[in-house]
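**Q** Please see the structure below; I have some questions.
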Amino acid sequence: MKLASLKGGRDGRLVVVSQDLAWYTDAATVAPTLQAALDDWERCEPLLRAVAASLEIAGVPRERFHEHDAASPLPRAFQWLDGSAYVNHVQLVRQARGAEMPASFWTDPLMYQGASDGFLAPRDPIPLADEAWGGDLEAEVAVITGDVPQGASRDEALAAIRLVLLVNDVSLRGLIPGELAKGFGFVQGKPASAFSPVAVTPSALGAAWADGKLSGPLVVELNGAEFGRADAGVDMTFDFGTLVAHAAKTRPLAAGTIVGSGTVSNRGADGGPGKPVSEGGVGYSCLAELRTVETLQTGHPKTPFLKAGDMVRIEMRDAKGHTVFGAIEQTVVAA
């Protein structure tokens, strides 16, 4: 089952989308918004599945689904937590900053609490007030949970995952080091993120979803050129069950909590840093990682951060080449 929120009001309008993302039908008879459905999932989920089944056979009124009309599936959320499941990415970025990486990073997930009062739509521009702030894309996978009790086990956390989606976790690399140096996390370095046009139930992902991981190349394009195609199921140190359980260690999580994977990152074939797509590698899911590799190789980065006019596209396709979540496609604009 695939769900989306069409633009309108602060929380959008819940619709059920066909598997091929060609059609949608209104879900108002079940729930007005995705958050309302998540709050009453035991009742709403089977009803939404019935609507989805009818949609596939044109058994309900339907209209063409246009990704430009979609907000992020949750236009705002009670909680947005972003982990760092791909420790290879953490290791490289910290190396570029000259920061030592504690051994515990391999056994205890990193996680921060981001701003969730308003997300960008998947086709909204990325506002950048100052290019010196070092605007960066971060292509990730994320999940939306139901209610998760405090102290939930990994298996309990996995069972609480309702939907899977993609995210562009926009970062301002130039601001982050100064914030982290204060020893109290970052706020300004993490502006609004954007999520994929549709969110998908784990069961609808088939074999691509297993053991709390989503497998498949996460294709990132920058200005029309392929920038990365790292496999989201490879080199993921912490699966989503582990990430959600980590978040719920000392407090319950409310239905509608979004938990991100952190930047998808694959090691190179030799176990070292990955190579660009142009050199036969799988490339990268953020500029910072490429800049780190350039620094390690030449002593300094050569790829600039985002600037006004740059276009970012993030998408995942199935084995038959069909888009799974729709595409995040954003142009950077001067704010």
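The values are calculated or read from the model by the stated rules, or taken from the named source; none is laboratory data. Please read these numbers as outputs of a predicted model, since none were measured by experiment. Neighbour counts run over all protein chains shown; Cβ positions are idealised from the backbone, glycine included. Just the protein is used for accessible areas: all its heavy atoms, side chains included, with ligands, DNA and RNA removed. Shrake-Rupley method; radii C 1.70, N 1.55, O 1.52, S 1.80 Å.
**Q** Could you run through segment 99-120 and say how many residues are part of a loop (DSSP other than H, G, I, E, B), without any contact (Cβ under 8 Å) to a residue 40 or more places away in the chain and open to solvent by less than 70 Å² (accessible area, probe 1.4 Å)?
**A** Adding up the residues that qualify gives 3.
**Q** Would you pick out the residues in segment 254-279 that are polar (S, T, N, Q) and touching a residue at least 40 places away in the same chain (Cβ under 8 Å)?
**A** Within segment 254-279, T257, S261, T263, S265, N266 qualify.
**Q** Can you name every residue in segment 235-270 that is farther than 22 Å from I144 by Cβ and touching a Phe, Trp or Tyr at 6+ places or on another chain (Cβ under 9 Å)?
**A** Residues satisfying the conditions are D235, S265, N266.
**Q** Then there's this: Quick check on E67: is it in contact (Cβ under 8 Å) with a residue 24 or more places away in the chain, buried (at least 19 other Cβ atoms within 10 Å of the Cβ) and of a type in the set (D, E)?
**A** Spelling it out, E67 is indeed in contact (Cβ under 8 Å) with a residue 24 or more places away in the chain, buried (at least 19 other Cβ atoms within 10 Å of the Cβ) and of a type in the set (D, E).
**Q** Take the residues in segment 121-152 that are in a loop (DSSP other than H, G, I, E, B) and touching a helix residue (DSSP H, G or I) at 6+ places or on another chain (Cβ under 6 Å); name whichever of them is farthest from T257 (Cα to Cα). Even if it seems obvious, please write down each step before you answer.
**A** Of the residues in segment 121-152, the ones in a loop (DSSP other than H, G, I, E, B) are 121-125, 129-130, 134, 137, 146-147, 149-152.
Still in the running and touching a helix residue (DSSP H, G or I) at 6+ places or on another chain (Cβ under 6 Å): 123, 146, 152.
Numbers: R123: 22, G146: 7, A152: 14 Å.
Out of the qualifying residues, it is R123.
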